[in-house]
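The structure appears below as structure tokens.
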Amino acid sequence: MDRGSLDLFSLVGGRPGPDALRDLLRDVIDPEIGINIVDLGLLYDIRLSGDGVAAIRITLTTPGCPLGGYLTDAIDDTLQDVPSVSSVDVQIVWDPPWDPDKMMSDWAKDQLGSDR
Amino acid sequence: MTGLRVGLTAPARHRRPAWVPQRIATAVVMLFGGLREGLFHLGLPVPPGNGTLSQDHGELMVLGFLGTLIALSARVALGETWGYLAPAAADAGGLAIVAGAPGEVGQALIGCGGLALVAIFAAVHRIQPSLHNVVLAAAALCRFVSDGLWIAGWDISKFVPWLVGFLVLTIAGERLELSRMTGDGCSSPPPGCLPPACSPPLKAGPSPATPGEAVPPGIRITGAGLIALSLWPARYDIACRTIRGHGVTRYMTAALLTGYAWLAVAAACGPTWGRWPTWRARGPAAAPATPNCTRSSSAS
């Protein structure tokens, strides 16, 4: 994992924005698909409160997917070392339902051979 | 993110939920118990198990061992405490069979687990209705029917199509869900592929063909459907893409594709020989290669 951006945050004592945190979560890979949750479109929302709580909203490809616990822990592991993040709160939601057509990145579609 | 249709939040998830290690450990006990009995019927010098296990090790492997793991996966996905009834009942029933519990206690417990698995998929379908969840629920129904026929004393050669339906439809449902990522605008197998694959349960019951007899049409259709299903990944399954990945992703994909190959081999057995391979075992002294045994095997 590239911690360069985190080191920078440490040096300047700043707070990472949502985009920086989102980039870090590209390290969280869905093991069955081999693609990160950001490009799969599973990451719905990410916010960092004033007291350092990172509130993450993700979904799964289906409510029948058993990887919720794995991804929750992987997100927690990824963000726990980020300066100014005191805790991580991951919520899995089904609203709206995941739609690969609209939510997967072009890169992810290309990786999976999508011809859309 | 507009167009909201459901407003549900999943229960909190944990990577290692309570009870999971115990359920897996019990499933492993079933695996070794069933394997030992299988080796015994193959004629290898291993000590035989108890009488019940000797009769039912084929059912134990599918409904007990694999049934427990599939139910465990479904329960972890749903995240509801009551869902543990499915794997807990299945592995308790499996343990009862391995331990030689009297009567039909083991079969009845496994049957309860099958019913609970249907309830889990019904709950998942209520969260997000989808075709793949319907297929998974159909698989669970196949399992429940298998349990019932097992308890009713049917010979496994008569209800092995229901067992096949349980396993094949479970995998088909899961791969159907992932096939949405291929962007083919087709979230289901080619027309006519799944229906024949689903047809085994509809034809369960008729005796398999004996040598010299014509192969029953149901076996031909089912075999063709299963072969078509085994070829379906080449076009629709993301496995053909993820096999180029690394690590655990590639490992899981390789295992899956190997399973598709074995499905094709098994599917070809029916139309070729006129029946599915559930030969009767005669014990170590006289047993030919017997990949499975029947309820009557212990009497011989």
### Task
Could you tell me which residue of region B:127-139 is surrounded by the fewest Cβ atoms within 10 Å (Cβ to Cβ), considering only residues that are touching a helix residue (DSSP H, G or I) at 6+ places or on another chain (Cβ under 6 Å) and within 11 Å of another protein chain (Cβ to nearest Cβ)?
B:ALA137
### Message
Kindly evaluate B:ALA122 against the criterion of being assigned to a helix (DSSP H, G or I), more than 17 Å from B:HIS57 (Cα to Cα), within 14 Å of chain A (Cβ to nearest Cβ) and over 15 Å from the mean Cα position of the chain (by Cα).
### Response
yes
#### Entry: Condition met for B:LEU31 (at pLDDT 80 or above, over 26 Å from A:THR72 (Cβ atoms) and assigned to a helix (DSSP H, G or I))
yes
### Task
Starting from residues that are facing chain B (nearest Cβ under 7 Å) and among the charged types (D, E, K, R), keep the ones in region A:62-95 and report whichever is farthest from the chain's Cα centre (by Cα).
A:ASP95
### Exclusive hit being surrounded by fewer than 24 Cβ atoms within 10 Å (Cβ to Cβ), more than 11 Å from every other protein chain (Cβ to nearest Cβ) and hydrophobic (A, V, I, L, M, F, W, C), set B:LEU63, B:LEU117, B:LEU85
B:LEU85
### Query
Just checking, which of A:GLY41, A:GLY34, A:GLY50 is closer than 28 Å to B:ARG126 by Cα and small (Gly, Ala, Ser)?
A:GLY41
### Summary
Of those in region A:49-61 that are surrounded by fewer than 20 Cβ atoms within 10 Å (Cβ to Cβ) and under 18 Å from A:ARG26 (Cα atoms), the residue nearest to the chain's Cα centre (by Cα) is A:ARG57
### Query
Somewhere in region B:251-267, is a residue over 18 Å from the mean Cα position of the chain (by Cα), closer than 30 Å to A:ASP110 by Cα, at pLDDT 70 or above and surrounded by fewer than 16 Cβ atoms within 10 Å (Cβ to Cβ)?
yes
### Query
Which residue pairs have Cβ atoms under 8 Å apart, sit 6 or more places apart or on different chains, and have a first residue in region B:215-240 that is within 14 Å of chain A (Cβ to nearest Cβ) and a second that is of a type in the set (Val, Ile, Thr)?
B:TYR236/B:THR182; B:ASP237/B:THR182; B:ILE238/A:ILE33; B:ILE238/B:THR182; B:ALA239/B:THR253
### Query
Across region A:44-61, what is the total count of residues that are touching a residue at least 24 places away in the same chain (Cβ under 8 Å) and either within 10 Å of another protein chain (Cβ to nearest Cβ) or β-branched (Val, Ile, Thr) (or both)?
9
### Query
Of the residues that make up region B:100-110, is at least one part of a helix (DSSP H, G or I) and not aliphatic (A, V, I, L, M)?
yes
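The values are calculated or read from the model by the stated rules, or taken from the named source; none is laboratory data. All values reported here derive from a predicted model rather than from experimental measurement. Reconstructed Cβ throughout: ideal geometry from the backbone, glycine too, with neighbour counts over all protein chains shown.
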